[in-house]
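What follows is a single structure, written as structure tokens, with notes after it.
The values are calculated or read from the model by the stated rules, or taken from the named source; none is laboratory data. The structure displayed is predicted, hence computed values, not measured ones. Heads up, the Cβs are rebuilt from the backbone with ideal geometry, glycines too, and the neighbour counts pull from every protein chain shown.
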Number of protein chains: 2
Amino acid sequence: MPKLDLDAIPEIQRTGYPEPYRGAVAGRNYRRLADAAGLTDFGVNICRLEPGAWSSQRHWHSKEDEFVMMISGEAVLITDAGETVMRPGDCAAFPAGLADAHHLVNRSDADAVFLVVGSDKADDACTYPDIDMHLPRGDGGFTRKDGTPW
Amino acid sequence: MPKLDLDAIPEIQRTGYPEPYRGAVAGRNYRRLADAAGLTDFGVNICRLEPGAWSSQRHWHSKEDEFVMMISGEAVLITDAGETVMRPGDCAAFPAGLADAHHLVNRSDADAVFLVVGSDKADDACTYPDIDMHLPRGDGGFTRKDGTPW
């Protein structure tokens with residue numbers, strides 16, 4: 001059946017972030033649903049943020065669209081425009097190329113779970129305005145702002 | 001803010017299905033989130049099925065991936081393999097080219113609401129095994145099985 005057995009999809013904690021930027025996502029756990037189901041046109045993850053965890057460093061993508069929907073718990077969405085609380089059923093969209101960096105932060109004392117959908121482009125660049133980190137290509141490694149590799 | 005005001009996105013009831021295949025989706029209402037938010041890499045709809053409504057005629061896509069997650073209520077997922085009930089948080093995936101037709105049917109007496117994500121390919125063909133209808137191209141019109149237009 002195409003219905004997914006979510007419990008059978010391993011929950012992973014993985015990041016390519018260098019130190020000192022890894023700690024913020026140490027409590028970020030995710031299941032890669034699209035990979036498990038054989039979807040390739042877009043990625044679908046269910047992400048569980050433990051209390052205090054961030055979804056990512058605040059960022060925006062040059063070529064990749066992103067979409068999130070809260071499933072349970074609540075998290076704070078932070079962008080250049082400010083902060084807003086995301087509760088179950090709330091949705092947010094981040095069009096490719098819109099230079100407004102975003103992330104979700106779990107300031108509650110319970111898990112916050114959300115669905116995230118994104119495209120995957122080899123020529124994407126990811127910009128992190130708050131820190132000395134940059135991702136010049138979707139398939140490349142992290143650099144400092146001056147282009148030197150981490 | 002990138003958080004979407006879902007109430008501000010119009011709920012539409014629209015189908016290109018010819019008679020006699022339109023009635024099954026008469027109680028299908030959806031909001032086109034990706035369009036409203038300026039996402040183009042994939043489509044995102046929130047679909048609300050009134051009691052008795054179908055998500056679509058049972059179908060599969062040659063080139064387009066699909067993903068659904070139930071948000072509220074429940075619906076029955078029907079595929080070649082049989083039937084399974086989808087409840088809030090349940091997810092299902094339909095990889096492009098997998099010749100196992102699917103749809104969701106609301107047999108309950110309350111609304112069933114789900115999120116659906118899909119890609120959009122001009123060279124997609126959509127097959128409807130149960131009825132005399134075919135969609136030979138993603139940007140084309142419906143035909144009968146013998147290729148004559150509806």
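See the values below:
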quantity	calculated
Hits in region A:111-150 - residues which are buried (at least 16 other Cβ atoms within 10 Å of the Cβ), over 25 Å from B:ALA37 (Cβ atoms) and charged (D, E, K, R)	A:ASP111
Any hit, region A:93-107, residues being of a type in the set (Lys, Arg) and more than 28 Å from A:PRO2 (Cα to Cα)	yes
Residues of region B:34-51 classified as assigned to a loop (DSSP other than H, G, I, E, B), more than 9 Å from every other protein chain (Cβ to nearest Cβ) and under 15 Å from the mean Cα position of the chain (by Cα), total	1
Flag for A:LEU77 being at pLDDT 95 or above, part of a loop (DSSP other than H, G, I, E, B) and among the aliphatic types (A, V, I, L, M)	no
Sole residue being more than 8 Å from every other protein chain (Cβ to nearest Cβ), within 28 Å of B:ARG31 (Cα to Cα), among the charged types (D, E, K, R) and out of contact with any Ser or Thr (no Cβ under 7 Å at 6 or more places or on another chain), chosen from A:ARG31, A:ARG107, A:ARG58	A:ARG31
Residue that is farthest from the other protein chains (Cβ to nearest Cβ) [pool: residues in region A:80-97 that are part of a strand (DSSP E or B) and hydrophobic (A, V, I, L, M, F, W, C)]	A:VAL85
Filter result for the condition that a residue is more than 29 Å from B:ASP90 (Cβ to Cβ), within 14 Å of another protein chain (Cβ to nearest Cβ) and assigned to a loop (DSSP other than H, G, I, E, B), over A:ASP146, A:ASP100, A:ASP120, A:ASP130	A:ASP100
Only one of B:GLU50, B:GLU64 that is touching a Gly at 6+ places or on another chain (Cβ under 6 Å) and under 24 Å from A:ALA96 (Cα atoms)	B:GLU64
Qualifying residue in region A:96-110 (condition: of a type in the set (S, T, N, Q) and loosely packed, with under 15 Cβ neighbours inside 10 Å)	no
For A:GLN13: the one exception among (1) over 22 Å from A:SER108 (Cβ atoms); (2) under 14 Å from the mean Cα position of the chain (by Cα)	(1)
